[in-house]
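I have a structure here, written as structure tokens, and I will follow up with some questions on it.
The values are calculated or read from the model by the stated rules, or taken from the named source; none is laboratory data. Note that the coordinates shown come from a computational prediction; the quantities given were computed from them, not determined experimentally. Heads up: the accessible areas ignore ligands, DNA and RNA and are worked out on the full protein's heavy atoms, side chains in. Shrake-Rupley method; radii C 1.70, N 1.55, O 1.52, S 1.80 Å.
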Amino acid sequence: MVMLGAACPFIGIEYDKMEDGVRRIFGRKGEEVLEMNVRALRAGYEVALNR
């Protein structure tokens, strides 16, 4: 998930759209799993932006 977030700026997919997809996929697995995946996605995205 971290790598997916880090790839967002380079593959031309807006972060918000990627997060929406992650929320749709992992939302069924419960709030804890969902938030863990969103945090990992966001962390990778922020690292990529700051490089």
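Which residue is nearest to the chain's Cα centre (by Cα), if the candidates are limited to segment 19-44 and must be open to solvent by 30 Å² or more (accessible area, probe 1.4 Å) and under 11 Å from residue 4 (Cα atoms)?
42
Follow-up. Return the residues of segment 1-26 that are small (Gly, Ala, Ser) and at pLDDT 95 or above; say none if nothing qualifies.
5, 6, 7, 21, listed by residue number.
Does segment 1-18 hold any residues that are open to solvent by less than 100 Å² (accessible area, probe 1.4 Å) and hydrophobic (A, V, I, L, M, F, W, C), and which are they?
If the condition is that a residue be open to solvent by less than 100 Å² (accessible area, probe 1.4 Å) and hydrophobic (A, V, I, L, M, F, W, C), then 1, 2, 4, 6, 7, 8, 11, 13, 18 are the ones that fit.
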